[in-house]
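First the structure, in the form of structure tokens, and then the observations on it.
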Amino acid sequence: MDTDASGGWRFAQCFGDKGEVEDITEADIISTVEFDSTGNYLATGDKGGRVVLFERNDMKKGCEYKFYTEFQSHEPEFDYLKSLEIEEKINKIRWCKRQNSAHFLLSTNDKTIKLWKVFEKSLRVVTESNLYDGARALPPPSMQQHLRLPRMSQQDNIIAAVPRKVYSNAHAYHIHSIAVNSDQETYISADDLRINLWNLNISDQSFNIVDIKPANMEELTEVITAAEFHPTQCNVFMYSSSKSNIKLADMRDSALCDRHAKLFEEEEDPSNRSFFSEIISSISDVKFSHDGRYILSRDYLSLKIWDVNMESRPIKTIQIHDHLRGKLCDLYENDCIFDKFECTWSGDDKNVLTGSYHNYLRIFDVESLNDVVLQADKSAFKARKIGGPLPPNKQLGVKNGVRQGLKDAMQLETLDFNKKILHTSWHPKENTIAIAATNNLFLYSAA
């Protein structure tokens, strides 16, 4: 990262309606964002069940994207047995590695996972026939030798999206995580109490590999909050829990991976215990570093970096918005304390990214813990400050060794808790980040 306070990060693009927050349609709120393994494509899913894909715009300098295609992935459904409405909201999107000219990606709502094939298709039309020459009408042929074969010609290319597989009826509870294995043949899906293993080619059968449901539901003390495959070892996966621990499991040990291979958990200081302790220590997201050596976890107030070889405590703990500790009562009242913030590694594993309230996001250098605070708000594209200085009220000056500006602004009373950065993704090869801010997709790049 650069030594200047903005870390060299600049606003690059914003997609989506630029209207005021009050006018936003619920269906347009982005619920997941994900780069593919090359970084040339970017996918978003929203609460209306739509998936929008963007592709890199090679005509532009720098890392810029353009609209590629959009399709309706899920529709609202009704479970008549349980009298439950099933929302169309896309909870997660995961790309499969590209094998040919088509793209394959998994998308899921609360109950059903779909494998989508997205490909270019040429439209062919009849341009010559016995009755038409192009658009010009011809008299019907009067003699046999005047008959001619119709001619087809290519008219246009369209991007088509078709569901190749639909994986349904395997989860009794809401699916919150899907992760594609490094073997590109299998994937896992996780709900609050179970994790299932699927083969991408088989949609009517899955294997239950983790089941933490107690015989008596009144004895339930924890739920699964996230699950992720190891980036290179296809037999290893991890899952986090609401009890502030991360379990690493090896599928070679046994068919049912209830007995974990490793347990990452930090002892809680009893003097800090409060009514909110269990809620704020629940892990909302976990990610392996690209080399598989480290684990990044996010709870309500902090980020933790764990060494896979050290289970007793994290090697780094980073406070994200510690100033909210005194406001936990208010956050409990307005349900914000249950917000699930995601976290992500940079492509080179040297930085980590996560979001906060008032559309603030923070990028930390893993070694030095130096950080950059950015704000994904409308002023960024209104002024189009690419490469230009930030206005005085947004400048991150350094005073007595303490960074001023956005970091100070983060701690003001006027934070808008309706504006929050929950979903982020980092380009696998460059310093470009995609940020979901309500119904807008922001892109920031660093030189």
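The table for this structure:
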read-out: Residue within the range 201-222 that is of a type outside the set (Asp, Glu), in a loop (DSSP other than H, G, I, E, B), closer than 25 Å to Leu301 by Cα and at pLDDT 95 or above present; value: no
read-out: Lone qualifier among Ser379, Ser368 - being modelled with pLDDT of 90 or more, surrounded by fewer than 19 Cβ atoms within 10 Å (Cβ to Cβ), hydroxyl-bearing (Ser, Thr, Tyr) and over 22 Å from the mean Cα position of the chain (by Cα); value: Ser368
read-out: The one condition in (1) assigned to a strand (DSSP E or B); (2) open to solvent by 60 Å² or more (accessible area, probe 1.4 Å); (3) of a type in the set (D, E, K, R); (4) touching an Asp or Glu at 6+ places or on another chain (Cβ under 7 Å) that Glu75 fails to fulfil; value: (1)
read-out: Test for Thr186: is it of a type in the set (S, T, N, Q) and within 24 Å of Trp306 (Cα to Cα); value: no
read-out: Any chance Lys61 is assigned to a loop (DSSP other than H, G, I, E, B), without any contact (Cβ under 8 Å) to a residue 24 or more places away in the chain and out of contact with any Phe, Trp or Tyr (no Cβ under 7 Å at 6 or more places or on another chain); value: yes
read-out: In the range 316-341, the residues that are part of a helix (DSSP H, G or I), under 23 Å from the mean Cα position of the chain (by Cα) and either aliphatic (A, V, I, L, M) or surrounded by 15 or more Cβ atoms within 10 Å (Cβ to Cβ) (or both); value: Cys336, Ile337
read-out: Conditions (1) touching a residue at least 12 places away in the same chain (Cβ under 8 Å); (2) loosely packed, with under 11 Cβ neighbours inside 10 Å: number failed by Phe264; value: (2)
read-out: Leading residue by the ranking (nearest to the chain's Cα centre (by Cα)) among those in the range 35-66 that are of a type in the set (Asp, Glu) and under 22 Å from Asp348 (Cβ atoms); value: Asp36
read-out: One residue from Asn309, Asn245 being open to solvent by less than 20 Å² (accessible area, probe 1.4 Å) and either free of Cβ contacts under 8 Å to residues at least 60 places away in the same chain or touching a Ser or Thr at 6+ places or on another chain (Cβ under 6 Å) (or both); value: Asn245
read-out: Which numbered condition Gln154 misses (of (1) open to solvent by 90 Å² or more (accessible area, probe 1.4 Å); (2) on the phi > 0 side of the Ramachandran plot); value: (2)
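The values are calculated or read from the model by the stated rules, or taken from the named source; none is laboratory data. Worth saying up front: this structure is predicted, and the values here are computed from it rather than measured. Quick reminder, even Gly has a Cβ in these numbers, built from the backbone with ideal geometry, and neighbours come from all protein chains shown. When the accessible area is computed, the model is the full protein with side chains, heavy atoms only, and any ligands, DNA or RNA have been set aside. Shrake-Rupley method; radii C 1.70, N 1.55, O 1.52, S 1.80 Å.
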